[in-house]
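These notes are about the structure you will find just below.
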């Protein structure tokens, strides 16, 4: 499968490398993953065996993980741990939809903000 052509994500204060691994699994090898983020290594890993569109959505999902972690929003008072993945997926899908359907807005942000 084709790999997403993004090598790095710049979060402002940190840059994370984007790497690919075929048939990505969690650390315990129990579960298949579409992506993962490792803050200590500044790395996002995507499953290269997935469709390009899925890789792009997963990359946004991992970016939302970054924002939630780096802004210390993972406390029980802020995000219910049982609903965390659903919340992250919802935000990521919403961001992908906004970006895809509003190119003029994205261009304005790039040029003016």
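When each of 24, 67, 33 is tested for being under 22 Å from residue 99 (Cα atoms) and under 15 Å from the mean Cα position of the chain (by Cα), the lone residue that passes is 67. Tell me, please, whether a residue that is under 15 Å from residue 24 (Cβ atoms) and either touching a strand residue (DSSP E or B) at 6+ places or on another chain (Cβ under 9 Å) or in a helix (DSSP H, G or I) (or both) can be found in the stretch 64-76. The answer is yes, given that some residue of the stretch 64-76 is under 15 Å from residue 24 (Cβ atoms) and either touching a strand residue (DSSP E or B) at 6+ places or on another chain (Cβ under 9 Å) or in a helix (DSSP H, G or I) (or both).
Quick check: anything in the stretch 57-75 out of contact with any helix residue (DSSP H, G or I) (no Cβ under 7 Å at 6 or more places or on another chain) and over 27 Å from residue 110 (Cα atoms)? Yes, there is a match, as at least one residue in the stretch 57-75 is out of contact with any helix residue (DSSP H, G or I) (no Cβ under 7 Å at 6 or more places or on another chain) and over 27 Å from residue 110 (Cα atoms). Consider the stretch 33-55 and keep the residues that are part of a helix (DSSP H, G or I) and touching a strand residue (DSSP E or B) at 6+ places or on another chain (Cβ under 9 Å). The one that is surrounded by the fewest Cβ atoms within 10 Å (Cβ to Cβ) is 54. Here the condition is being more than 24 Å from residue 110 (Cβ to Cβ), in contact with a helix residue (DSSP H, G or I) (Cβ under 6 Å, 6 or more places away or on another chain) and not in a strand (DSSP E or B); of 99, 4, 88, it holds for 88 alone. If the condition is being closer than 16 Å to residue 59 by Cβ and part of a loop (DSSP other than H, G, I, E, B), then the stretch 7-21 contributes 7, 11, 14.
Read-outs: derived from the displayed coordinates by stated rules, not from any lab. Remember, it's a predicted structure, so these values are computed and weren't measured experimentally. A quick note on method: Cβ atoms are made from the backbone with ideal geometry, for glycine too, and the neighbour counts reach across all protein chains shown.
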